[in-house]
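**Student:** Shown below is the structure under consideration.
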Amino acid sequence: MAYPKELTKNYTEDTMKLESLLYTMPDGIYTRQNILHAAQKLDPSFKETQLRRLLGVLQDSNLLVRVGHNQYRKADKAVSKPMYVGSYSKAAQEVISWMEARFPLLEYRVWEFTWLLSTRLSLKSSKRV
């Protein structure tokens with residue numbers, strides 16, 4: 001089982017290999033050595049130098065979650081929440097395009113007042129404010 005340097009070529013096949021690696025491991029907390037031994041069981045030619053890349057790919061694929069120093073666990077599909085991305089108004093899009101044209105290297109955030117207002121109202125309705 002070869003671990004890809006990039007997940008772009010055969011994404012489905014590569015993901016299935018990574019999931020099969022985690023499937024062979026019991027639930028709980030794993031150390032880097034536990035993951036290395038599991039990978040070497042599936043592929044005896046797997047080297048310790050490949051472990052860092054493997055951990056990165058597993059975390060980027062949302063299959064593995066780091067829970068502490070040298071501690072990892074399988075990602076729980078039910079716990080993962082989608083990130084909210086609001087839509088920009090026409091005025092905000094104008095501000096963004098103006099900023100990008102004049103300051104291409106500057107990093108900044110544009111917030112819509114309605115996002116902040118809706119967050120405050122939802123907190124107020126749940127009596128957290």
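**Student:** Treating only the Cβ of Lys, Arg, Asp and Glu as charged (+1, +1, -1, -1), what charge dipole size does the range 11-74 show about its Cα centre? Round to the nearest 20 debye.
**Tutor:** 260
**Student:** What order do you get for Y88, Y108 when you list them from fewest to most C-beta neighbours inside 10 Å?
**Tutor:** So the residues, fewest neighbours to most, are Y108, Y88.
Bear in mind these aren't lab numbers, they're just calculated from the coordinates by the rules spelled out. None of these values were measured; they are calculated from a predicted model. We place every Cβ from the backbone using ideal geometry, glycine too, and count neighbours over all the protein chains shown.
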